[in-house]
Amino acid sequence: MRAIRLSRQGGPGVLELVELDTPAPRPGQVLIRHEAIGINFLETYQRSGLYPMKLPSGLGSEAAGVVAAIGDGVARFKVGDRVATAGSTASYAELSIAPAERVVAVPDGVSLKTAAAALLKGMTVEYLLRRLHCVERGETILFHAGAGGVGQIAIQWAKALGAVVITTVGSEAKAARARALGADHVILYRQQDVAAEVRRITGGAGVPVAYDSVGRDTFDGTMGSLARRGLFVSFGNASGAPPPVEAGRLMRAGSLFFTRPTMGDYLVTTEELDASAASVFGMIGSGKIQIEIGQTFPLADARQAHEALESRATIGASLLIP
């Protein structure tokens, strides 16, 4: 089978297309033949060295396809089932092996391409909006990068919950997309003072919660946007790692809370995984969330896909097609 591997960490050029033997599932595992592979910013951190990895390694966190074989003891799936995975480390390939308890069924009515584009991003939004902080009707939130794959889902989900959504984007084209998805207020963070705009929108109060996946470039604006006792959710580093958080600054800014979560701690059990995935697919199936696949790349063009992602030239979700 064809797969993307890396033997060292660095720029997009370290991604290599290689031929590997097709793996056989062990007890408790399933072999999945991919139809589509999700591309996530997490993989750029792993590739670059921001997140250390044991090398050589595969890459990729998300894919959808059909069960091609099952190992002994697997009763959760059968050959031919439509499934998706999120959280592996080798989905940039034509096939992958996964523990059956970390694979989810894709319901009828949700295409495999949509599942690959939405599962990891959608479950990220699910835990951020429904469990880390339960967004309430009428609440005003700040969610950065509203035109990205996670941001687009977050805007729609938050609006379905009845929230007032402030988002940030990097261009007028992305602003138009965010507004079309339902964002109430869009800030061009390269041109406008984010904190000042949020204060203006909220009548000086600030927001009770701000979700920041951008990192270094938006850190100060996020901190300055929070209401007294507000929650700063730092869940990504698209522009680089944010600076260290000095405890006294949280106090001086209004007794703020700061958290740096990871999805893995919200999907520890198979039951949590199934419930989160069902929630995502339910929102898609109901029409409350539309998934935009903004761009697709052949598997062999993984390097170009990472270059596009890191240059922030993408809109919506990106896929690799085996």
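The values are calculated or read from the model by the stated rules, or taken from the named source; none is laboratory data. Being a predicted model, the structure only gives us computed values, none of them experimental. Cβ: placed from backbone, ideal geometry, glycine included. Neighbour counts: every protein chain shown.
The figures follow:
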item	result
Any hit, segment 115-135, residues being of a type in the set (Val, Ile, Thr), in contact with a Leu (Cβ under 6 Å, 6 or more places away or on another chain) and part of a helix (DSSP H, G or I)	no
Only listed residue being on the phi > 0 side of the Ramachandran plot, surrounded by 24 or more Cβ atoms within 10 Å (Cβ to Cβ) and either modelled with pLDDT under 95 or not in a loop (DSSP other than H, G, I, E, B) (or both), chosen from ALA210, ALA145	ALA145
Inter-residue pairs, beta-carbon under 9 Å, first in the same structural domain as ASN40 (by TED's automatic domain parsing) and buried (at least 19 other Cβ atoms within 10 Å of the Cβ) and in segment 303-314, second assigned to a helix (DSSP H, G or I) and of a type in the set (D, E, K, R), 6+ apart	HIS306/GLU43; HIS306/ARG47; LEU309/GLU43
Single residue of THR167, THR140 found to be farther than 28 Å from VAL268 by Cα and without any contact (Cβ under 8 Å) to a residue 60 or more places away in the chain	THR167
Search result, residues across segment 231-272 that are in contact with a Gly (Cβ under 9 Å, 6 or more places away or on another chain) and of a type in the set (A, V, I, L, M)	ALA238, ALA241, ALA253, LEU256, MET263, LEU267
Every pair of residues 6+ apart whose Cβ atoms lie under 7 Å, when the first sits in segment 8-30 and is farther than 26 Å from TYR51 by Cα while the second is among the aromatic types (Phe, Trp, Tyr)	VAL30/PHE77
Residue among GLY49, GLY60 that is closer than 28 Å to THR314 by Cβ, touching a residue at least 40 places away in the same chain (Cβ under 8 Å), assigned by TED's automatic domain parsing to the domain that holds ALA86 and surrounded by 18 or more Cβ atoms within 10 Å (Cβ to Cβ)	GLY60
